[in-house]
Amino acid sequence: MADRVTVIGWDGSPLSGAARAALDAATLVAGTRHHLALPYVPKGAEQIVLGSIDIAARRVAGHRGTAVVLADGDPGFFGVVRALRAPELGLEVEVVPAVSAVARAFARAGMPWDDARVVVATSRTLRRAVNVCRASAKVAVLTAPGAGPAELALMLTGVHRTFVICEALGTEHEEVSVLTSDKVADHIWRDPNVVLVVGGISAPGQGIAALGGPATHSGGGWIAGRDPGFPGAVRGWALPAAEYGGHLPAELRAFQLARLGPRAGDLVWDIGAADGSLAVEAAGFGAAVIAVDRDADACDWITATARRTGVQLQVVHGTAPTALEDLPEPDVVRIGTADPEVAAACAARRPERIVTAAGNRDQAEAITQALSEGGYDVERTLLQSVELDSDWAERERSVSFALCGSRR
């Protein structure tokens with residue numbers, strides 16, 4: 001087992017005395033090719049070119065001697081430290097950090113980043129990273145080959161964002177480019193790079209700044225990333241229907257949101273979104289949302305509601321199922337009208353869950369059949385809610401068949 005493992009972050013600046021001393025004593029040095037070419041690396045040390053982090057960590061653990069691992073920026077932030085600290089390796093790890101690539105990228109853009117989401121985009125996580133960019137007004141993306149600026153921009157078609165692309169940060173080849181998302185795919189970008197994706201719908205008092213991000217306020221926030229509560233001044237979710245326009249009963253909306261379980265990285269389709277209440281509340285949980293409605297006035301209403309509540313969502317004016325053909329693949333779907341044809345079209349796209357509601361049993365049976373034939377197990381619930389006035393007298397009654405299809 002290695003006697004000692006020191007992880008050194010490098011950001012292009014001269015190494016500290018502690019880092020230089022660790023390298024001078026190293027009998028094994030691991031890093032990428034550009035790290036191993038640094039003049040600080042001792043010539044007599046065994047070298048490992050980092051490819052698979054897990055494989056390299058096992059080789060470091062099996063080395064008898066003093067090991068150093070070189071990494072870009074802060075190696076404890078989405079870096080090699082996590083792999084080296086795996087309990088089964090039993091390593092004692094000392095870390096000498098540098099400025100992280102994310103911090104450096106935001107510094108180059110002259111923007112604060114305590115309110116930013118940070119995601120890693122690889123071939124495996126690209127789709128979820130894009131959904132976070134859809135749902136958030138400020139996102140830093142740590143990219144990988146095949147999941148870089150061009151791929152991000154292409155998957156964000158229909159969503160306007162500003163890209164700040166930082167190539168080769170901390171090196172003599174460093175370059176920072178600012179482009180709108182529709183122009184990004186026209187270029188070839190060098191690895192490694194960090195992408196800041198900023199802009200979108202903003203709440204009152206949060207106009208879009210020069211780089212497309214929300215304007216900052218001197219007071220700042222209190223938690224990094226995003227406020228974990230639902231946006232807006234009102235506490236809670238499944239707010240009364242009157243808060244949104246009165247179309248979807250709050251009790252049915254609460255049931256549907258509970259079954260959908262929207263979360264960061266998901267894409268929610270809300271088809272026949274009407275007043276946008278479910279779309280807005282799904283976005284409040286951090287999911288990316290596309291609200292579809294055939295009524296232009298409803299689309300304008302949804303956009304205004306999203307702006308008022310400070311959430312990010314995309315509004316599509318069109319009639320389902322035709323309007324769904326060019327949309328990106330959903331994770332979960334809510335259908336606002338009891339239409340078996342729309343249900344079948346959604347089932348064909350294989351989301352994890354589909355929820356809808358019917359006003360009578362015949363409609364409910366038709367929807368259930370469409371979802372069952374599409375490969376879904378259907379949960380059927382009769383929901384009834386009664387609103388009472390101040391004298392405990394019935395004011396309004398709502399009854400519906402709530403249907404939830406779960407993919408087999």
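From the list Val29, Val7, the lone residue that is under 19 Å from Val80 (Cα atoms), free of Cβ contacts under 8 Å to residues at least 60 places away in the same chain and open to solvent by less than 40 Å² (accessible area, probe 1.4 Å) is Val29. As a summary of the residue check, Gly158 satisfies the conditions (1) surrounded by fewer than 16 Cβ atoms within 10 Å (Cβ to Cβ); (2) touching a Leu at 6+ places or on another chain (Cβ under 6 Å); (3) not hydrophobic (A, V, I, L, M, F, W, C) except for the one numbered (2). In segment 186-210, of all residues being open to solvent by 40 Å² or more (accessible area, probe 1.4 Å), of a type outside the set (Asp, Glu) and touching a Ser or Thr at 6+ places or on another chain (Cβ under 8 Å), the one that is modelled with the lowest pLDDT corresponds to Ile208.
Considering segment 67-93, the residues that are in contact with a Ser or Thr (Cβ under 6 Å, 6 or more places away or on another chain) and open to solvent by less than 30 Å² (accessible area, probe 1.4 Å) include one that is farthest from Ala21 (Cα to Cα), namely Gly73.
All of (1) out of contact with any strand residue (DSSP E or B) (no Cβ under 7 Å at 6 or more places or on another chain); (2) open to solvent by 80 Å² or more (accessible area, probe 1.4 Å); (3) modelled with pLDDT of 90 or more hold for Gly146 with one exception: (2).
Residues considered: Arg104, Arg64. Of these, the only one that is assigned to a helix (DSSP H, G or I) and either open to solvent by 30 Å² or more (accessible area, probe 1.4 Å) or modelled with pLDDT under 95 (or both) is Arg104. Quick test for you: out of Arg334, Arg350, pick the one residue that is in contact with a strand residue (DSSP E or B) (Cβ under 7 Å, 6 or more places away or on another chain) and open to solvent by 30 Å² or more (accessible area, probe 1.4 Å). Of the residues listed, the single one that is in contact with a strand residue (DSSP E or B) (Cβ under 7 Å, 6 or more places away or on another chain) and open to solvent by 30 Å² or more (accessible area, probe 1.4 Å) is Arg350.
Do you know which residues across segment 163-179 are open to solvent by 10 Å² or more (accessible area, probe 1.4 Å), modelled with pLDDT of 95 or more and β-branched (Val, Ile, Thr)? Scanning segment 163-179 gives Val176, Val178. Remark: pairs (first residue in segment 45-57, within 17 Å of Ala2 (Cα to Cα) and open to solvent by 70 Å² or more (accessible area, probe 1.4 Å); second residue modelled with pLDDT of 90 or more and of a type in the set (S, T, N, Q); Cβ separation under 7 Å; 6+ apart in sequence or on different chains) = Glu46/Thr27. All of Ala298, Ala264, Ala273 fail the test of being farther than 19 Å from Ala129 by Cβ, open to solvent by 10 Å² or more (accessible area, probe 1.4 Å) and not in a strand (DSSP E or B), apart from Ala298. For Ala2, the criteria (1) farther than 17 Å from Leu169 by Cα; (2) surrounded by 13 or more Cβ atoms within 10 Å (Cβ to Cβ); (3) modelled with pLDDT of 90 or more hold in every case but one, which is (3).
Does any residue in segment 278-299 that is more than 20 Å from Asp266 (Cα to Cα) come within less than 8 Å, Cβ to Cβ, of a residue that is part of a helix (DSSP H, G or I) and at pLDDT below 95 six or more places away or on a different chain, and which pairs are these? Matching pairs, first to second residue: none at all.
You will find that of Val159, Val139, the residue that is in a strand (DSSP E or B), of a type in the set (A, V, I, L, M) and touching a helix residue (DSSP H, G or I) at 6+ places or on another chain (Cβ under 8 Å) is Val139 and no other.
The values are calculated or read from the model by the stated rules, or taken from the named source; none is laboratory data. Since the structure is predicted, the reported quantities are computational estimates derived from the model, not experimental observations. So basically every Cβ, Gly included, is an ideal-geometry build from the backbone, and we count neighbours across all protein chains shown. Heads up: the accessible areas ignore ligands, DNA and RNA and are worked out on the full protein's heavy atoms, side chains in. Shrake-Rupley method; radii C 1.70, N 1.55, O 1.52, S 1.80 Å.
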